[in-house]
Amino acid sequence: MLDLQKYRAKICLTAGGMLILENRVLLIKHHRLQRWLCPGGHIETNELPHIAAQREFWEETGVEVVAKNVGKMIDSKHSEYLPAPIFFNLHWMYRENYHARLKNQPVVKGSKGCEQHLGLTYLVRPLSGAKKIRDMKLKPQLHEVDDIGWFSLDQVKNMTDIWSDIYQEFVLGLKLINGDEN
């Protein structure tokens, strides 16, 4: 198993949303990375992660969403229980930095000085209640998003400009929305 914690990298918190309708996932093609991803971005100071995921999703796609809770909620008089992410991962912002660290070479820092992202991905649903792709009105944020689209599992599996993790996350996302948690 990969151990990215052993590097003293600057870590930034990010949050994103996975929207699945009609067994298709909505992905954006990130302008700078030139990769297909779930919409998301940096968590702002004092912002809750699920709120950041909802905000970033809307900013990048024009679609208002709500983070779904896939876990059990507890009724409490002392704590507020928040939606749980379906994924929580640590990754290099630039893959080249990982290889540079292995060779004790300098790394490239991102726009916020980030080297690694600690990313939380939430399963989201449209605030409008839309159940069909044809009912969705997409308005991509053109300075960050080169393209936007709905993709089936087979399409995601065969993409070349996507990280393999996205396919694996989509598989699990489909299982969660279809009630198969195994």
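The values are calculated or read from the model by the stated rules, or taken from the named source; none is laboratory data. Predicted model, so just to flag it, every value in this text is computed and none were measured. Heads up, the Cβs are rebuilt from the backbone with ideal geometry, glycines too, and the neighbour counts pull from every protein chain shown.
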query = Among the residues of region 89-102, is there at least one that is at pLDDT 90 or above and not β-branched (Val, Ile, Thr)?
reply = yes
query = modelled with pLDDT under 95 and touching a His at 6+ places or on another chain (Cβ under 6 Å) - does that describe any residue in region 121-144?
reply = yes
Number of positions in region 70-83 that are aliphatic (A, V, I, L, M) and without any contact (Cβ under 8 Å) to a residue 24 or more places away in the chain = 2
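If I filter region 153-182 down to residues being of a type in the set (Ser, Thr, Tyr) and part of a helix (DSSP H, G or I), which single residue comes out as modelled with the lowest pLDDT?
Going through region 153-182, the residues of a type in the set (Ser, Thr, Tyr) turn out to be 160, 164, 167.
With part of a helix (DSSP H, G or I) added as a condition, the list becomes 164, 167.
Numbers: 164: 87, 167: 94.
Across region 153-182, the extreme among qualifying residues is 164.
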query = Hey, residue 71 hits all of (1) at pLDDT 80 or above; (2) part of a loop (DSSP other than H, G, I, E, B) but one; which does it fall short on?
reply = (1)
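Matching residues to (1) under 12 Å from the mean Cα position of the chain (by Cα); (2) surrounded by 22 or more Cβ atoms within 10 Å (Cβ to Cβ):
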| position | (1), (2) |
| --- | --- |
| 9 | no, no |
| 18 | yes, yes |
| 40 | yes, yes |
| 44 | no, no |
| 70 | no, no |
| 76 | no, no |
| 93 | no, yes |
| 99 | no, no |
| 104 | no, no |
request  = Report the residue count in region 94-146 for those that are in contact (Cβ under 8 Å) with a residue 40 or more places away in the chain and of a type outside the set (Val, Ile, Thr).
outcome  = 32
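Take residue 156 and decide whether it is touching a helix residue (DSSP H, G or I) at 6+ places or on another chain (Cβ under 9 Å), touching a residue at least 60 places away in the same chain (Cβ under 8 Å), over 21 Å from residue 58 (Cα atoms) and not hydroxyl-bearing (Ser, Thr, Tyr). Outline the logic, then answer.
Details: touching a helix residue (DSSP H, G or I) at 6+ places or on another chain (Cβ under 9 Å): yes; touching a residue at least 60 places away in the same chain (Cβ under 8 Å): yes; over 21 Å from residue 58 (Cα atoms): yes; not hydroxyl-bearing (Ser, Thr, Tyr): yes.
Taking the combined requirement at face value, the residue satisfies it.
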key: Subset of region 159-172 (residues that are of a type outside the set (S, T, N, Q), exposed (fewer than 14 other Cβ atoms within 10 Å of the Cβ) and free of Cβ contacts under 8 Å to residues at least 40 places away in the same chain)   = 171
key: Subset of region 112-140 (residues that are under 21 Å from residue 45 (Cβ atoms) and either out of contact with any Pro (no Cβ under 6 Å at 6 or more places or on another chain) or of a type in the set (Lys, Arg) (or both))   = 112, 113, 114, 115, 116, 117, 118, 119
note = Of the conditions (1) in a loop (DSSP other than H, G, I, E, B); (2) of a type in the set (Val, Ile, Thr); (3) in contact with a Leu (Cβ under 7 Å, 6 or more places away or on another chain), the single one that residue 107 does not satisfy is (3)
